[in-house]
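Below you'll find the structure, written out as structure tokens, and then a few comments.
Nothing in this text is a laboratory measurement; each read-out follows from the coordinates by a stated rule. Not measured: the values here are computed from a predicted model. Here Cβ is always computed from backbone atoms with ideal geometry, including for glycine, and neighbour counts include all displayed protein chains.
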């Protein structure tokens, strides 16, 4: 586990959290008047499918379309407020103890720790700050007059995750051959292939098969623990400023603008 300029990249759902970070906020969003009861039922079903079997490519694309339609017109400030007010209640109890220990070991070794998740930045960044990581990258939604337009500027999924990692390597001087990546889903295979030290965490059957074939490490996390019992307020507060200053909004806009010009 070497490299002074190495980084450790973590998926969020079912890798650090024992749930889907986006779907977990369904009830608070409903109480806050952002979604309807039918959306709660649909999201509950999606959560069940996700926890039972993971999400394949078609399901992730369907989720992208659903998210785009669902959030159109939402007030961004209201979303941030709801997430901030309910973070402890929703996310605090479902963080894997093994993931926290792994994050701490990478930090102790001097590596930057980066979360990269398909959930929206307004969910991913507060979680990343609470966990004390160096950077949190999520899906970026277009905003106009303080509200989501429904356009997805950057979808942190599949090849998008790998491209974001390569961009960060250039911007921050990471040696990807000496870096680490952790995820549970076959859809994140590009994320694992871009680093020198990939690990499958709680892998779905397809990813487990590939990991076994390629002799990649496999870790099964099974001990959710409250974040507050493992992470000091001082550590989280110190990371919060970095996440806010260097978060996914800047990365997503840069990545999207570059590809729009060339494509």
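From least to most packed, judged by other beta carbons within 10 angstrom and beginning with the fewest, 29, 10 follow the order 29, 10.
Under 16 Å from a point 7 Å along the Cα-to-Cβ line of residue 172: which residues of segment 133-166 have their amide N that close? Output list for this probe position: 133-139, 161-166.
Put a dot 7 Å past the Cα of residue 104, heading toward its Cβ, do the same for residue 193, and the two dots end up 3.6 nm apart.
Ordered by the number of other Cβ atoms lying within 10 Å of each residue's own Cβ, fewest first, 210, 103 fall into the sequence 210, 103. The DSSP beta bridges internal to segment 109-193 are antiparallel in roughly 50% of cases.
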